[in-house]
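First comes the structure, then the notes that go with it.
Please treat every number below as a calculation from the coordinates, not as lab data. Remember, predicted model here, so these are calculated numbers, not experimental data. In this analysis, Cβ positions are derived from the backbone assuming ideal geometry, glycine residues included, and neighbour counts consider all displayed protein chains.
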Ligand code: TYD
Ligand code: MG
């Protein structure tokens, strides 16, 4: 009999290595390799096709209707899942500990329980703790079947027999264990095995399966990344612990669009949906202050207006500091370099701080121009007009490129009372011209066009530039 082999598995990305290393070579994380017993790999070509069953191949076109969906009654969650839960599908909900995953899913099953059979399995809390939370959220009367369990064999036995439920929540996958695998709960092998078993039952019995997965930096638990390819939908619950806003983001969805976001607010009564995120993100904005600029962004199909704040101060260090919250550091450095090289704005010797207010993470390149405007405003002390929104992608030669969904952004800005916009001209297209927006748009073709709007002449190095 072959000796049981062991291998070292990165708890962050799932890569394996025959020996222990301090750093995972695949993902670059430190101290994430943990010894686990290896399943004996079949030698290559061992099956040779003998004894296999013939598979029936079919055409691409099928007569099947699109899968029926079950709406959760929480509008923001339905939006992110692409219109509700698909029977037999698996949804991974990832996020930092304490961000609100259990709260969200408890609220979701309580709402679904009105016309579906719902099961909530907790491996982290005691039944009484969940009951207490349900009581606080006013959900005690919902007919959710609750259990505290961690053994996947028991779970499969309970879910596979009798009349299956419609929706099952496993909170969290890292606390589950399969007794067939001899590694600790939370390791990659355990997490994968448990998820695989549960997903198989979900597919067989046709219930929607939510798996909660904690994102961990320490590498003591296997992160949700190792499950991403096994599930149909991956949702990440993000937010800043210091803010009450929470953003649910679809990063993978076999049944709908990705990049869609749902916005929630964490209150005493649990998570409340935010129907108009722009109004929320701009709620604390003070008009006419320098270094602040409103970016008309797009999250999925939805326009979202957020405030971008910059602070520029002379540096007392040899290497100036750069700090970014809610945006990409590399992108900030690029915008600074373009302003320097193409418009002669001397920013390089200053400390630069950039913040996206409200805890949103902006990922679009369309924010470049808004960042540039916030920086120029901070440097000059002149505010960006309070009734103006800004968007546009900045290229390396300083040109400002058109971005997608211009009309949608302008319409949202108009709806929230903005009167003007600094934006690139729309891409020239054949066909009918776009509808004229009801706010005044200043065409910006080059970063130079916005530099001229700030009192920067004295700060300008020379007339070098474009
Ligand atoms: P939780 O759902 O337990 O997080 P996770 O499952 O992602 O680890 O949420 C925990 C946090 O949410 C906790 O810090 C308290 C806060 N919270 C509220 O602010 N209001 C509420 O009504 C509830 C239930 C939790
Ligand atoms: Mg939890």
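A few notes on this one:
- Cα-based helix-to-principal-axis angle, 329-343 vs the chain, degrees rounded to 10: 20 degrees
- Rounded to 5, percent antiparallel among DSSP beta bridges of segment 136-273: 75 percent
- Cα-based shape type of segment 75-275, given that a ≥ b ≥ c are square roots of the gyration tensor eigenvalues and the cut on a/c is 1.5: rounded
- DSSP beta bridge pairing in the chain, given as percent antiparallel to the nearest 5: 55 percent
- Sorted largest first, extent of the chain alpha carbons per principal axis (Å): 79, 52, 51
- Alpha carbon centroid spacing (whole Å) that separates segment 395-415 from segment 110-149: 45 Å
- Rounded to the nearest 0.05, the FRET efficiency derived from the C-beta distance between residue 323 and residue 125 at R0 = 35 Å is 0.45.
- Beta bridge orientation in segment 277-385: antiparallel %, DSSP, nearest 5: 80 percent
- Crossing angle, helix 188-205 versus the chain [Cα axis fit, 0-90 degrees, rounded to tens]: 80 degrees
- Nearest-ten-degree value, helix 368-380 long axis tilted from longest Cα axis of the chain: 50 degrees
- Sequence-distant contacts, meaning Cα pairs under 8 Å at least 6 residues apart, place the relative contact order of the chain at 12 percent.
- Sorting 305-316, 272-283 by average packing, meaning the other beta carbons within 10 Å per residue, from highest down gives 305-316, 272-283.
- Calculated [θ] (222 nm, deg cm²/dmol) that DSSP helices of n ≥ 4 give over the chain, each run adding -39,500 (n - 2.57): -6500 deg cm²/dmol
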